[in-house]
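Engineer: Attaching a single structure in structure tokens format; questions to follow.
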Amino acid sequence: MINLNKTEKLVLVVFLVFVSVFYFRFFNGDNKAVAKEIIGQIKQASSLDKQAKLYREMIEKIGPEYAQEELYRSGLPFNGQTHLLNHVIGDYLYEKYGSAGLVKCRDYFLSSCYHGFVLHVIGKDGMTGVAKTFNECLKHGPAVYAQCAHAVGHGFLANAGYKNLTKALETCDQAIRDIDQFPAFNCYDGVFMENIWAVHEDGSPSPDRWVKKEDPFFPCNDPRIGDKYQLGCWSNQPTLMYQLFGGDIQKVGLKCDQMENDKNKEMCFDGLARQIHPITHGSVSKVFELCGLMPSFKWNNYCVGVNALSSYGVGDRISPFELCANIHPGGKRSCYDKLFSIMKAYKKDGEDLKKLCLKISDLDLRKQCELVSKS
């Protein structure tokens with residue numbers, strides 16, 4: 001054992017601190033340089049496949065946790081394509097760490113890391129793996145476990161085959177019975193969303209998906225789709241109608257307005273608003289422009305509120321407050337109420353919700369926001 005006097009100990013401590021600071025700055029700076037270069041290439045990439053390969057390269061060079069942080073702060077739009085891109089991290093974590101990899105996911109871009117991870121679990125471990133993974137998701141709060149159940153719905157249909165839509169829904173029912181706190185709607189919603197995109201077989205929409213070009217209400221109006229599945233179906237039907245009508249948002253809105261069931265009608269407009277969200281690329285003015293295509297003032301305000309909620313859910317902390325601040329006065333409280341309802345659930349590590357409340361100029365609404373942040 002080496003005995004050191006006080007001066008020698010002090011010199012040793014200073015030296016170790018210097019080395020640790022140098023090590024952190026050098027290697028952290030190196031990671032930032034790598035991330036900056038690759039993210040620049042991702043932004044220039046012409047396809048999602050090319051972006052995914054570059055992101056995988058970044059993960060392998062700087063590690064999965066740091067890669068997620070850098071992608072989150074990259075300035076890439078908070079839209080569906082970035083959500084799909086971030087599936088890559090879930091793929092990587094499952095391949096490298098197995099079930100233990102889930103804890104390394106971050107809930108950025110609407111928990112898309114969890115999506116990519118869970119889809120692997122279903123394919124390899126079935127319902128037992130789903131239960132084990134969902135119990136891990138529960139530990140991370142409702143914002144995450146809802147997305148896990150949604151991802152499970154996607155996986156159930158992809159595994160069952162696209163012609164077996166009702167079988168996938170019944171598998172959701174089995175998960176609801178067998179897994180404590182498993183949310184029904186999110187699983188059904190995932191099944192119907194997967195039916196619309198249906199790309200897991202060869203990268204293009206499957207001919208077996210439940211779609212009729214001549215009937216924009218199918219499959220929701222099919223007698224095999226029972227009442228308990230209706231909201232999950234209508235949550236996604238506007239996306240299908242958007243495809244069938246060549247991107248005519250106004251026409252989709254008119255179809256939603258034709259519906260007689262009030263709950264299904266509201267869900268249809270909710271789905272249409274969420275379809276609008278990625279098209280706006282985070283532009284507040286574009287939200288107001290496209291939501292202005294709704295068939296009535298009521299649904300115009302509703303659309304803006306849902307877009308504020310969607311933007312907040314995928315990590316945007318600027319445009320949601322701008323949307324609610326500039327909405328017609330008749331929809332302002334409802335817009336902010338939507339934000340307040342999810343602020344706690346989507347709170348990031350180290351995020352100060354009270355500072356977000358300062359973005360609200362209306363003092364009564366700001367106080368309401370601050371109460372939510374303290375609860």
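Engineer: Can you list the helices (runs of 4 or more DSSP H) lying wholly within segment 306-369 that have 1 or more residues being in contact (Cβ under 8 Å) with a residue 40 or more places away in the chain, in contact with a Gly (Cβ under 9 Å, 6 or more places away or on another chain) and closer than 22 Å to residue 107 by Cβ?
Structural biologist: Numbers: elements: 319-326, 329-343, 353-357.
Of the helices (runs of 4 or more DSSP H) lying wholly inside segment 306-369, those with at least 1 residues that are in contact (Cβ under 8 Å) with a residue 40 or more places away in the chain, in contact with a Gly (Cβ under 9 Å, 6 or more places away or on another chain) and closer than 22 Å to residue 107 by Cβ span 329-343.
Engineer: Also: May I ask you to verify whether residue 103 is exposed (fewer than 14 other Cβ atoms within 10 Å of the Cβ), more than 22 Å from residue 139 (Cβ to Cβ) and at pLDDT below 90?
Structural biologist: On the way: exposed (fewer than 14 other Cβ atoms within 10 Å of the Cβ): yes; more than 22 Å from residue 139 (Cβ to Cβ): no; at pLDDT below 90: yes.
No; evaluated as a whole, the condition is false for this residue.
Engineer: Return the residues of segment 90-118 that are within 14 Å of the chain's Cα centre (by Cα) and within 11 Å of residue 64 (Cα to Cα); say none if nothing qualifies.
Structural biologist: Matches in segment 90-118: 90, 105, 106, 113.
Engineer: Note down all Cβ pairs under 7 Å where the first residue falls in segment 280-295 and is among the aromatic types (Phe, Trp, Tyr), the second is assigned to a helix (DSSP H, G or I), and they're at least six residues apart or on different chains.
Structural biologist: Matching pairs, first to second residue: 288/304.
Engineer: Pairs, please: C-beta under 7 Å, at least 6 apart or cross-chain, first residue in contact (Cβ under 8 Å) with a residue 24 or more places away in the chain and in segment 57-75, second of a type outside the set (Phe, Trp, Tyr) and part of a loop (DSSP other than H, G, I, E, B)?
Structural biologist: Once the first residue is in contact (Cβ under 8 Å) with a residue 24 or more places away in the chain and sits in segment 57-75, its partners that are of a type outside the set (Phe, Trp, Tyr) and part of a loop (DSSP other than H, G, I, E, B) give 68/106; 71/86; 72/315.
Engineer: Search segment 339-351 for residues being exposed (fewer than 15 other Cβ atoms within 10 Å of the Cβ) and closer than 17 Å to residue 73 by Cβ, and hand back the single one that is farthest from the chain's Cα centre (by Cα).
Structural biologist: This residue is 350.
Engineer: Tell me, which residue of segment 69-84 that is assigned to a helix (DSSP H, G or I) and surrounded by 22 or more Cβ atoms within 10 Å (Cβ to Cβ) is modelled with the lowest pLDDT?
Structural biologist: Looking at residues that are assigned to a helix (DSSP H, G or I) and surrounded by 22 or more Cβ atoms within 10 Å (Cβ to Cβ), I get 82.
Quick grid of which residues meet (1) over 21 Å from residue 163 (Cβ atoms); (2) β-branched (Val, Ile, Thr); (3) more than 19 Å from the chain's Cα centre (by Cα); (4) surrounded by fewer than 21 Cβ atoms within 10 Å (Cβ to Cβ):
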position	(1), (2), (3), (4)
182	yes, no, no, no
190	no, no, no, no
209	no, no, yes, yes
221	no, no, yes, yes
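The values are calculated or read from the model by the stated rules, or taken from the named source; none is laboratory data. In this text the structure is predicted, and so the values were computed from the model without any measurement. Reconstructed Cβ throughout: ideal geometry from the backbone, glycine too, with neighbour counts over all protein chains shown.
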